[in-house]
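Asker: I'd like to ask some things about the structure below.
The values are calculated or read from the model by the stated rules, or taken from the named source; none is laboratory data. Keep in mind that what you see is a predicted model, and the values were worked out from it rather than measured. In this analysis, Cβ positions are derived from the backbone assuming ideal geometry, glycine residues included, and neighbour counts consider all displayed protein chains. Quick note on the areas: whole protein, heavy atoms, side chains included, nothing else; ligands and nucleic acids left out. Shrake-Rupley method; radii C 1.70, N 1.55, O 1.52, S 1.80 Å.
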Amino acid sequence: MKYAHIVGWGKGVPQRVMTNNDLRALVDTSDEWIRERTGIGSRHVAGEGESTCTLATDAAMRALEVAGISPSQIDLIIVATATPDYAFPSTASLVQDALGADRAGAYDLSAACSGFVYALSMGTDVIRAGSANTVLVIGAETLSRVVNWKDRNTCVLFGDGAGAVVLSGSDQPGGVLSSILRSDGSGGDLLIIPGGGSAQPTTADTLERNDHTIRMNGREVYKFATRVMDRTVRELLHKVGWTVEQIDLFVPHQANIRIIESAAKSLGLPMEKVFTNLEHYGNTSAASIPIAIAEAAEQGRLRPNDKVVMIGFGAGLTWAAAAVTWGQPKLVSRSQRTAQRLRYNVTSVRSRLLRSLRRIEGKVFGGRSED
Ligand code: ACO
């Protein structure tokens with residue numbers, strides 16, 4: 001039997017940071033309200049030339065570097081996102097091209113904030129089934145492009161970013177051991193972008209009504225999240241044969257510190273075992289868990305054989321949890337690492353050039369159409 005181990009991780013976030021105080025210029029809010037109700041202090045916001053694809057590519061390149069794996073070794077790329085660059089082609093195909101992953105299949109997965117855990121589970125299953133051995137799993141979002149910057153109920157919550165992990169097949173037991181994927185579509189209207197799809201194509205009226213931006217019933221989503229987190233984690237622990245006390249690190253979706261604290265309390269899990277970074281990123285939807293994993297690994301909070309539980313929840317409604325035994329990056333030789341770093345630098349320069357080219361093209365074509 002094959003096991004899917006996490007052997008690489010990375011994050012990619014925009015440089016621009018927007019603080020709670022910056023938001024006061026846009027809506028009637030305060031740093032105090034946002035911190036108290038959500039735990040968020042600032043968020044990263046994509047700038048010109050940045051998109052879900054560019055952030056995902058940055059995260060993927062770092063994950064490949066950690067893993068010591070070249071893009072041509074990737075069999076499959078899954079990008080979990082609710083904010084793809086286009087309806088089609090998929091963002092995963094754009095990432096595949098940007099990386100030069102010439103042997104990889106690629107597709108996007110849509111399960112909102114639960115998307116990364118869904119994608120991790122799918123990547124694990126293709127490895128277990130023997131259809132692939134190296135899978136790049138990415139959660140990436142540019143939610144700043146779909147929030148209504150005049151709606152204080154939602155615009156203060158979200159941020160942009162991407163996180164990626166490399167899954168690698170091995171006979172050694174461990175890695176992603178078990179997952180639970182759930183949906184309750186009857187709650188679809190609680191968190192929705194109503195316009196721009198086939199049900200309500202974009203028209204002047206839908207634009208006027210801001211139907212292309214996020215609508216959320218915050219209180220109901222809050223209740224749903226606190227309801228499902230405790231019972232789903234317990235179900236997962238039962239499936240995998242772990243106790244709450246055995247969890248070394250709990251990595252929940254970073255939506256609201258009050259939701260996270262309430263889940264930890266009802267599980268009886270001390271906050272020292274809970275990873276949070278939403279203060280600096282806000283809710284980055286599908287990107288929040290892989291960004292958290294990358295930071296936890298960078299901070300040395302994940303050691304080999306640690307028992308890790310992740311849980312995401314969000315639009316759909318969807319929710320998903322996974323139990324993972326933390327692995328080690330593959331031991332690569334110094335020359336392999338040098339080669340990988342060179343490849344990383346070349347790919348990085350290439351993608352920056354492409355971004356500049358797109359910006360220039362945008363300006364040139366924009367100028368022409370005005371003529
Ligand atoms: N600044 C100041 N006041 C505000 C703001 C703001 N940014 N936003 C709302 N308020 C006001 C409201 O208007 C309301 O005023 P009123 O009493 O005069 O009407 C008051 O603050 C309280 O509003 P509530 O909505 O009751 O505030 P609550 O404590 O419920 O917090 C929040 C709102 C933060 C949205 C919370 O409900 C929440 O976190 N919900 C869950 C959201 C979530 O987790 N989403 C995850 C999924 S995301 C995905 O899948 C893409």
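Asker: How much length is gained if the chain between Lys223 and Arg16 is pulled fully straight, taking 0.36 nm per residue apart and subtracting their Cα-Cα distance, in nm to one decimal?
Answerer: Here the answer is 71.3 nm.
Asker: Same structure, new question: What does the charge count around Gly282 come to, taking other residues whose C-beta lies under 10 Å from its C-beta (Lys +1, Arg +1, Asp -1, Glu -1)?
Answerer: The answer is -1.
Asker: Share of the chain's accessible area from carbon and sulfur, percent, 1.4 Å?
Answerer: Heavy-atom surface of the chain belonging to carbon and sulfur, 1.4 Å probe: 50 percent.
Asker: Okay, moving on. Given a Förster distance of 45 Å, report the FRET efficiency between Trp149 and Glu272 from their Cβ-Cβ distance, rounded to the nearest 0.05.
Answerer: Step by step, r from the Cβ atoms, then E = 0.80.
Asker: In nm, give the distance between the simple-model label positions of Asp171 and Ser183, each being 7 Å from the Cα along the Cα-to-Cβ direction.
Answerer: For the pair Asp171/Ser183, the computed spacing is 3.8 nm.
Asker: Continuing with this model, one more query. For segment 216-267 and segment 107-157, write down the distance between their C-alpha centroids in whole Å.
Answerer: 19
Asker: Also: About the Cα centre of the chain, what is the dipole size in debye to 20, counting +1 per Lys and Arg Cβ and -1 per Asp and Glu Cβ, all else neutral?
Answerer: The dipole magnitude comes to about 780 debye.
Asker: Give me the accessible area per residue for the chain, probe 1.4 Å, as a whole number in Å².
Answerer: Computed with neighbouring chains in place, this is 44 Å² per residue.
Asker: Take the Cα radius of gyration of segment 1-147 and divide it by 2.2 N^0.38 Å, with N its residue count; two decimals is plenty.
Answerer: That works out to 1.17 for segment 1-147.
Asker: If R₀ is 25 angstrom, what is the calculated FRET efficiency for the pair Ser72 and Ser110, using the beta carbon separation as r and rounding to 0.05?
Answerer: The computed FRET efficiency comes out at 0.35.
Asker: Toward the positive end of the charge dipole of segment 105-191, about the Cα centre and with charges on Cβ (Lys, Arg +1; Asp, Glu -1), which of Ser144, Gly123, Val166 goes farthest?
Answerer: Ser144
Asker: Could you sort the peptides 103-111, 206-214, 5-13 by per-residue average Cβ neighbour count (10 Å cutoff), highest mean leading?
Answerer: For the peptides 103-111, 206-214, 5-13, the packing ranking is 5-13, 103-111, 206-214.
Asker: I've got another one for you. Among Asn217, Cys155, Ser42, which residue has its Cα positioned farthest towards the positive end of the charge dipole of the chain, with +1 placed on the Cβ of Lys and Arg, -1 on the Cβ of Asp and Glu, and the dipole taken about the Cα centre?
Answerer: Ser42
Asker: Under 1.5 on a/c is rounded, so check that first for segment 1-85, then, if it is not, pick prolate when a/b is larger than b/c and oblate when it is not; a ≥ b ≥ c are the square roots of the alpha carbon gyration tensor eigenvalues.
Answerer: prolate
Asker: Using the structure shown, select from Lys11/Lys223; Lys265/Lys307; Lys11/Lys265; Lys223/Lys265; Lys2/Lys239; Lys239/Lys307 the pairs with a Cα to Cα distance greater than 22 angstrom.
Answerer: The pairs that break the limit, which is 22 Å between Cα atoms, are Lys11/Lys223; Lys11/Lys265.
Asker: Here's another thing I want to ask about it. Contour minus end-to-end for Gln246 and Ala129, with contour as 0.36 nm per residue of separation and end-to-end as the Cα-Cα distance?
Answerer: Going from the current span to full extension adds 39.2 nm.
Asker: Jot down the per residue volume, in cubic angstrom and as a whole number, of the convex hull over the alpha-carbon atoms of segment 93-182.
Answerer: Expressed per residue, the convex hull around the Cα atoms of segment 93-182 is 119 Å³.
Asker: Sticking with this one: Calculate the all-directions average of the projected area of segment 201-271's alpha-carbon convex hull, and give it in nm².
Answerer: Averaged projected area of segment 201-271's Cα convex hull equals 6.7 nm².
Asker: Please compute the modelled spin-label separation between Val27 and Thr202, points set 7 Å along Cα→Cβ, answer in nm with one decimal.
Answerer: 2.2
Asker: Mean residue ellipticity at 222 nm from the helices of the chain, using -39,500 (n - 2.57) per DSSP H segment of n ≥ 4 over the full residue count, to the nearest 500 deg cm²/dmol?
Answerer: -12500 deg cm²/dmol
Asker: For segment 216-332, state the semi-axes of the equivalent ellipsoid (square roots of 5 times the eigenvalues of the alpha-carbon gyration tensor), sorted largest first and rounded to whole angstrom.
Answerer: The answer is 23, 17, 12 Å, longest axis first.
Asker: List the extent of the Cα atoms of the chain along each of their three principal axes, largest first, rounded to whole Å.
Answerer: 59, 48, 37
Asker: A further question follows. Nearest 0.05, what FRET efficiency do Glu48 and Arg231 give at R0 = 35 Å with Cβ-Cβ as r?
Answerer: After rounding, the FRET efficiency stands at 0.20.
Asker: When a/c is below 1.5 the answer is rounded, else prolate if a/b is larger than b/c, else oblate, so apply that to segment 95-146 with a ≥ b ≥ c taken from the square roots of the Cα gyration tensor eigenvalues.
Answerer: oblate
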